[in-house]
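> If you scroll down you'll find the structure; I have some questions about it.
Rule-based calculations on the coordinates, nothing more; no lab input. Predicted model only: the values in this text are computed from it and were never measured. Don't worry about glycine lacking a Cβ; one is built from the backbone with ideal geometry, like all the others, and counts go over all protein chains shown.
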Amino acid sequence: MNGQPSSSRAPSSHPQSVDEVIADINTAIDKLTDKFNTASQEFFGRLDEISTRLDVLEQSILASHTTSEVGEENGEKKENGSDVAGGDKE
């Protein structure tokens, strides 16, 4: 862990051949691609979970809103006070 790239080859004082450098670059790209794919899958999985939770919340809100509208139509007291005695001004 000295900040230098790890390799399966033993360090040497000879410069690497072009083929070895290309192989190392390809290996690094493959590792980064795997990490990116894993992170993407986790991200989109969490996004799907959030979307599902929001859908459930929306349905719950709509259901409670519909229930309260039905209650108001059946003669329950409205929030604006129009059903309160003396509140009708026609």
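> Please give the net charge around residue 47, taking every other residue with its beta carbon less than 13 angstrom from that of residue 47, where Lys and Arg add +1 and Asp and Glu add -1. Write out the running numbers ahead of the final one.
Values: positive: 46, 53; negative: 42, 48, 49, 55.
Computed value for this residue: -2.
> Ok, one more. Starting from the Cα of residue 35, step 7 Å along the direction of its Cβ; do the same at residue 59; then give the gap between the two resulting points in nm.
Inter-label distance under the simple model: 4.0 nm.
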